[in-house]
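Participant: Input: one structure, supplied below.
The values are calculated or read from the model by the stated rules, or taken from the named source; none is laboratory data. Note that the structure is a prediction, hence the values are computed from the model and not measured. All Cβ positions, even for glycine, are placed from backbone atoms using ideal geometry, and neighbour counts span all protein chains on display.
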Amino acid sequence: MACVKTVSYSILINGRPSPPFSAKKGLRQGDPLSPYLFALSMEYLSRDLEELSQNPDFNFHTKCERVHLTHLMFADDLLLFCRADHSSMSKICSAIAKFSTASGLHISPEKSNIYLAGVNNEEADGLIEVCNMQLGTLPFKYLGITLSAKKLTYSQCNTIESKKAPIAWSRFYDPKSYGGWNLVNMTLWNKAAMLKLLWAIAYKSDRLWVNWVHAYYIKRLKYTTVSITANTSWLLRKIIDTRENLNLLGGWNEVSKAGKFSIKQAYKLLQGAQPSVPWKRLICNNHASPKSKFIVWLAIHNRLATTDRLIKWNVPCRATCSLCDRDDESVQHLFFACAYSASIWRMVCQIICITSSGDTFDQECAKAIAKARGSTRQARIYTMCFSESIYAVWGQRNNKIFNGKCLDSSQVVKDIIFRVEPVLLSSAH
Ligand SMILES: [Zn+2]
């Protein structure tokens, strides 16, 4: 411990080292050396606790004996385990006291807790007195995560407030080539991550927790056949249950590469294959802004909140298109049958030297999809203009409904061209 307790500093003054002076306080918080020094110091305590486990007056915690576990350290936190009896507790406490005297490091009682199980109140009071710590209860939060011996309840997890999506969430998770947005489906990702834990049970015998699972649950059996009993904890039951998913995916070979488990690979397999959609390139091979591509995507699915759909949901609203005040509003009308939007699309087409023939939305989409397959500058400009025009019209429609005004169509065209300009001005190739 001398190396920790006899720190002295010397400062370079005008290039010459000053005479060394000793430090009143140890390390400053955030000093990159501190984790190493901490590990060195704790080694002292580790060895003492190791010795303790040989002492006949010390009893392991019932679920720790088979793996000879007395303590775990994580960063600067320390977890100690023993049987809830007076003798074992006082042995642990004297090991800590010895360590404190040697190192100068002290346990802060207000930040420490004792967790007890299987003892009556009287015994508990006695044990709390021995260690001079407050009694803690499960569940509690550690590094922001709720730790519990049981399955967490809904209210114990801080869930994000869910909002009604314009389209089934499952569509967002699909890969882009299948017409989705390639968002991570956390339910499936969790299943894949659980498989990684099963993989650890199967192949990572050097891990302490895996050893522990084998010592107390699987014993001499195999993880593939071990039966889940009432004694099995909720968490372990869930991990063992993923055997079924593994069988569905076709075994470890399917989800590992070069002897390593791949969550990504497992996730992909769990997602399964879907038919690819004809308009995938309009979304993937399109240089328009992501928000405009998103609106195009919703329009293609007919999922924009147009008044024809709102009326179907019994939302009170005026059916007539607010932009032209003539026909009823629908995706087909807005893009670009509406007089207002048709003039916008006509002007945009003129600027990029394409003749617009007043087609329906489906025909316009088919044209844009065909263009999106190409890689020419002109094709790129076309798909960008198409997406940005749809986005701009939708924006003006919302502006009219919610703010009572919309821009003049020629101003909207200017805005669309401004967005496409970087590609328009780039040299032809
Ligand atoms: Zn209209």
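Participant: Spot the failing condition for Ser22; the list is (1) free of Cβ contacts under 8 Å to residues at least 24 places away in the same chain; (2) polar (S, T, N, Q); (3) under 22 Å from Trp209 (Cβ atoms), and only one is missed.
Facilitator: The number of the failed condition is (3).
Participant: Report, by residue number, each residue of the range 101-115 that is at pLDDT below 90, surrounded by 13 or more Cβ atoms within 10 Å (Cβ to Cβ) and not aliphatic (A, V, I, L, M).
Facilitator: Matches in the range 101-115: Ser103 only.
Participant: Continuing with the same structure: Look at Thr376 and say whether it is of a type in the set (Val, Ile, Thr), within 16 Å of the ligand (Cβ to nearest atom), free of Cβ contacts under 8 Å to residues at least 24 places away in the same chain and out of contact with any helix residue (DSSP H, G or I) (no Cβ under 7 Å at 6 or more places or on another chain). Break it down into steps so the answer makes sense when it comes.
Facilitator: On the way: of a type in the set (Val, Ile, Thr): yes; within 16 Å of the ligand (Cβ to nearest atom): no; free of Cβ contacts under 8 Å to residues at least 24 places away in the same chain: yes; out of contact with any helix residue (DSSP H, G or I) (no Cβ under 7 Å at 6 or more places or on another chain): yes.
Judged against the criteria, Thr376 is not a match.
Participant: Can you tell me which residue within the range 305-314, out of those that are within 30 Å of Pro175 (Cα to Cα) and part of a loop (DSSP other than H, G, I, E, B), is nearest to the ligand (Cβ to nearest atom)?
Facilitator: Only one residue fits best here, namely Thr306.
Participant: Within the range 293-304, is even one residue within 16 Å of the ligand (Cβ to nearest atom), within 17 Å of Phe172 (Cβ to Cβ) and touching a residue at least 60 places away in the same chain (Cβ under 8 Å)?
Facilitator: Initial filter on the range 293-304 (within 16 Å of the ligand (Cβ to nearest atom)): 299, 304.
The next check asks that each one be within 17 Å of Phe172 (Cβ to Cβ); those that pass are 299, 304.
Cutting the leftovers down to touching a residue at least 60 places away in the same chain (Cβ under 8 Å) gives us 299, 304.
Yes, the range 293-304 has at least one match.
Participant: Now for a different question. Name, by its number, the condition in (1) surrounded by fewer than 13 Cβ atoms within 10 Å (Cβ to Cβ); (2) under 41 Å from the mean Cα position of the chain (by Cα); (3) among the charged types (D, E, K, R); (4) more than 20 Å from Leu282 (Cα to Cα) that does not hold for Asp362.
Facilitator: Of (1) surrounded by fewer than 13 Cβ atoms within 10 Å (Cβ to Cβ); (2) under 41 Å from the mean Cα position of the chain (by Cα); (3) among the charged types (D, E, K, R); (4) more than 20 Å from Leu282 (Cα to Cα), only one is false for Asp362: (4).
Participant: Evaluate the following for Leu298: is it within 30 Å of Pro422 (Cα to Cα), over 28 Å from the mean Cα position of the chain (by Cα), modelled with pLDDT of 90 or more and crowded, with 16+ Cβ neighbours inside 10 Å?
Facilitator: On the way: within 30 Å of Pro422 (Cα to Cα): yes; over 28 Å from the mean Cα position of the chain (by Cα): no; modelled with pLDDT of 90 or more: yes; crowded, with 16+ Cβ neighbours inside 10 Å: yes.
Considered against the rule, which asks whether it is within 30 Å of Pro422 (Cα to Cα), over 28 Å from the mean Cα position of the chain (by Cα), modelled with pLDDT of 90 or more and crowded, with 16+ Cβ neighbours inside 10 Å, Leu298 comes out as no.
Participant: Sticking with this one: Conditions: (1) among the aromatic types (Phe, Trp, Tyr); (2) free of Cβ contacts under 8 Å to residues at least 60 places away in the same chain; (3) more than 16 Å from the ligand (Cβ to nearest atom). Phe386 meets all but one. Number of the miss?
Facilitator: That leaves (2) as the condition not met.
Participant: Okay, next question. From Leu72, Leu116, grab the single residue that is among the hydrophobic types (A, V, I, L, M, F, W, C) and in a strand (DSSP E or B).
Facilitator: Leu72
Participant: Collect the residues in the range 315-371 that are more than 22 Å from Asp408 (Cβ to Cβ) and either near the ligand (Cβ under 10 Å from one of its atoms) or touching a residue at least 60 places away in the same chain (Cβ under 8 Å) (or both), keeping them in residue-number order.
Facilitator: So in the range 315-371, the residues more than 22 Å from Asp408 (Cβ to Cβ) come out as 315-319, 328, 330-332, 353-355, 357, 359-371.
Scanning the range 315-371 gives Asp328, Ser330, Phe361, Cys365, Ala368, Ile369.
Participant: Right, something else. Tell me whether the range 382-393 contains one or more residues that are under 12 Å from Leu323 (Cβ atoms) and within 38 Å of the chain's Cα centre (by Cα).
Facilitator: Within the range 382-393 (the criterion being under 12 Å from Leu323 (Cβ atoms) and within 38 Å of the chain's Cα centre (by Cα)), the answer is yes, since at least one residue qualifies.
Participant: Select from the range 416-429 the residues that are loosely packed, with under 14 Cβ neighbours inside 10 Å and either under 22 Å from Ala342 (Cβ atoms) or modelled with pLDDT of 90 or more (or both) and list them in ascending order.
Facilitator: Step one: list which residues in the range 416-429 are loosely packed, with under 14 Cβ neighbours inside 10 Å, which gives 418, 421-422, 425-429.
Within the range 416-429, Phe418 is the sole residue that qualifies.
Participant: Considering only residues that are surrounded by 10 or more Cβ atoms within 10 Å (Cβ to Cβ), at pLDDT below 85 and either part of a strand (DSSP E or B) or small (Gly, Ala, Ser) (or both), which ones fall in the range 11-69?
Facilitator: Answer for the range 11-69, where residues must be surrounded by 10 or more Cβ atoms within 10 Å (Cβ to Cβ), at pLDDT below 85 and either part of a strand (DSSP E or B) or small (Gly, Ala, Ser) (or both): Phe21, Ala23, Gly26, Ser34, Ala39, Ser41.
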